[in-house]
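The values are calculated or read from the model by the stated rules, or taken from the named source; none is laboratory data. Quick caveat, the model's predicted, so the values are computed rather than measured. Backbone-built Cβ (ideal geometry, glycine too); neighbour counts: all protein chains shown. When the accessible area is computed, the model is the full protein with side chains, heavy atoms only, and any ligands, DNA or RNA have been set aside. Shrake-Rupley method; radii C 1.70, N 1.55, O 1.52, S 1.80 Å.
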Amino acid sequence: MKNAVMELRWDPVLGEWIMVSSVRHVRPWLPESFCPFCPGAPETGYGWQVLVLENKYPMLTPEPPQPSSHHFYVKSKSSGGNLIIVETPQHDLDDISDLDVNSIKLVLEALKNLVEEERGKDYAKYLLWFRNKGVEIGVSLTHPHSQVYVTPFTPVKVERELTNSKRYTIESGGKCLFCNIINVEESEKKRILYSNKSWVAFMPFYAHWPFEAHIYPRRHLQLLSDLEEEELSLLALTLKVVLCGFKKLFRKPSPYIMVMHQAPLKGDYSFYHMHFEIYGVMRGENVLKYAAGMEMGGGNFTFDSVPEDNASRLRDSISTCLRS
Ligand code: ZN
Ligand code: ZN
Ligand code: FE
């Protein structure tokens with residue numbers, strides 16, 4: 001790690017942090033037949049169902065180097081953590097929707113423990129959990145896993161959600177934006193994908209990606225660690241069913257990105273409502289939707305169909321999963 005550059009750089013034009021790490025660059029070459037996440041690999045051992053590993057080539061670390069100073073630009077220390085959750089010992093499993101509900105719950109419990117643990121660390125401002133699925137979007141290690149970034153800042157997208165939902169709460173005299181979205185979606189029904197006692201899954205009115213699912217807890221809560229036992233079990237079921245829907249949408253399993261949006265780890269964000277978002281990036285059989293000119297260059301998404309129609313297709317796909 002000598003001479004490695006590991007720092008946060010502030011973009012003064014857009015007002016956001018970039019994580020810079022030259023450590024990522026020196027990842028060793030791995031033989032194709034070797035999986036670092038399989039039982040018996042140097043860092044995994046045996047006898048586990050779910051395993052939390054430190055990323056050996058992180059963007060963020062508990063004890064980062066002090067960045068050199070700059071006369072104009074702002075830098076900051078890369079304090080934080082990069083963790084990997086190996087979700088099952090089974091290597092040849094396509095997706096977590098192929099696991100049984102109890103095994104998915106074990107993954108969520110591991111994540112819940114991480115939220116509780118990381119909250120206590122002074123550099124930990126935010127914990128972002130995400131799951132990238134599919135070689136189409138650049139996933140190189142196919143052994144089922146997800147990732148955790150513990151960051152010393154709140155990610156931009158969450159920051160925007162906090163700003164807008166706080167404004168809504170103030171302007172509406174104390175209501176929750178997200179609770180209201182649940183009410184509207186449940187009364188309009190046409191974008192609802194699946195729901196149960198504790199969770200509601202829907203394709204948002206304002207979907208960005210061709211097939212997008214947002215999963216909200218019915219109870220107004222801010223952090224994953226606020227979930228009770230039964231809510232966690234029903235979340236495992238909801239993820240299984242909804243992700244199975246994505247898998248069965250086209251002939252080939254759809255690549256997707258799943259992320260958990262929760263409140264920052266410290267402070268009062270009682271106006272916020274945690275949730276999950278899944279972005280399905282296929283817009284048709286073998287057609288990938290790229291975030292290109294308008295999306296990357298302008299920041300606004302274009303939607304090539306109507307969310308209500310795509311919601312109905314995804315809902316049908318989910319119902320085939322419920323029948324089987
Ligand atoms: Zn493996
Ligand atoms: Zn709410
Ligand atoms: Fe969100």
Original post:
In Å², what does the accessible area per residue of the range 262-306 work out to with a 1.4 Å probe?
Top reply: 48 Å²
**OP:** Return the lysines within reach of K247: Cα separation strictly under 20 angstrom, same-chain partners fewer than 8 residues apart disregarded; answer none if there are no such residues.
**Re:** K105, K133, K289
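Residue separation times 0.36 nm, minus the C-alpha to C-alpha distance between E117 and E230: what's the value? Write out the running numbers ahead of the final one.
On the way: separation 113, 0.36 × 113 = 40.68 nm, distance 2.14 nm.
Fully extending the segment from E117 to E230 adds 38.5 nm.
For the range 248-324, which GluC sites (Glu not before Pro) are in a loop by DSSP, counting at most 14 other Cβ atoms within 10 Å? Could the numbers behind the result be given before it?
Working: sites: E277, E285, E295, E308; in loops: E285.
Taking the range 248-324 and a limit of 14 other Cβ atoms within 10 Å, the loop GluC sites (Glu not before Pro) found are E285.
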**OP:** Could you work out how far apart the two model spin labels at K190 and V287 are, taking each label as a point 7 Å from the Cα in the direction of the beta carbon, and quote it in nm?
**Re:** 2.2 nm
Original post:
Per the 1.4 Å probe, what fraction of the accessible area of the chain, in percent, lies on carbon and sulfur atoms?
Top reply: 53 percent
Subject >> Whole-number D in µm²/s for the range 114-269 (Stokes-Einstein; Kirkwood sum over Cα pairs; 4 °C, 1.567 mPa s) >> reply: 76 µm²/s
**OP:** With a 1.4 Å probe and every protein chain left in place, tell me how much accessible area M296 has, in Å² to the nearest 10.
**Re:** 140 Å²
Original post:
Over the Cα atoms of the range 1-105, how large are the radius of gyration and the largest Cα-Cα distance (Dmax), in Å?
Top reply: 18.0, 55
Subject >> Reduced Cα scattering model of the chain, Debye log10 I(q)/I(0), q = 0.10, 0.11 Å⁻¹ >> reply: -0.62, -0.76
Original post:
Which of E16, E212, E87 moves most in a GNM of the chain, Cα contacts under 10 Å?
Top reply: E16
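Can you give the longest stretch of the chain with no exposed loop site, where a site means trypsin sites (Lys or Arg not before Pro) in a DSSP loop (not H, G, I, E or B) with at most 11 other C-beta atoms within 10 Å?
Working: sites that count: K2, K189, K197, R251.
Segment 3-188 is the longest.
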**OP:** Take the alpha carbon atoms of the range 178-251, find their center, do the same for the range 90-151, and report the distance between the two centers in whole angstrom.
**Re:** 18 Å
